[in-house]
Amino acid sequence: MRYDYQTEMTCSKVISFDLNGNVVTNIVFLGGCNGNLKAIAKLVDGWTVEKIEQYLSGNTCGMRPTSCADQLAKAVRAAYNKSQQA
């Protein structure tokens, strides 16, 4: 299923991705540092929600308490939790 996540406190505004069980694919960031975010999307494509959280949760950007990578970890967890309620 395709999910869109509205980010908070980052240059990217939306993260879209597919979630099949707990596997995340086809990640696209809208806004932000285009090259870096394309690289992150390629590197974590096919990872599980848990693995993305393990590697990306808590990453910060400058003085911000979050980052696009951290927001991705939050996004996939929120989508997974929502999918379990359905």
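The values are calculated or read from the model by the stated rules, or taken from the named source; none is laboratory data. Remember, predicted model here, so these are calculated numbers, not experimental data. Here the Cβ is made from the backbone with ideal geometry for all residues, glycine too, and neighbour counts use every protein chain on show. All accessible areas refer to the heavy atoms of the entire protein, side chains included, with ligands and DNA or RNA removed. Shrake-Rupley method; radii C 1.70, N 1.55, O 1.52, S 1.80 Å.
In table form, for the structure just shown:
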quantity	calculated
Residue list for segment 15-49, restricted to those being more than 12 Å from residue 75 (Cα to Cα) and part of a helix (DSSP H, G or I)	34, 35, 36, 37, 38, 39, 40, 41, 42, 43, 44
Residue 13 open to solvent by 50 Å² or more (accessible area, probe 1.4 Å) and in contact with a strand residue (DSSP E or B) (Cβ under 7 Å, 6 or more places away or on another chain)	yes
Within segment 45-69, considering residues that are touching a strand residue (DSSP E or B) at 6+ places or on another chain (Cβ under 7 Å) and among the β-branched types (Val, Ile, Thr), the one farthest from residue 19 (Cα to Cα)	52
Residue in segment 10-22 that is farther than 23 Å from residue 82 by Cβ and among the charged types (D, E, K, R) present	no
Failed item, numbered, when residue 31 is tested on (1) surrounded by 15 or more Cβ atoms within 10 Å (Cβ to Cβ); (2) in contact (Cβ under 8 Å) with a residue 12 or more places away in the chain	(1)
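Residue-wise test of (1) free of Cβ contacts under 8 Å to residues at least 40 places away in the same chain; (2) in a strand (DSSP E or B).
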{"residue": "13", "(1), (2)": "yes, yes"}
{"residue": "51", "(1), (2)": "yes, no"}
{"residue": "66", "(1), (2)": "no, no"}
{"residue": "73", "(1), (2)": "yes, no"}
{"residue": "76", "(1), (2)": "no, no"}
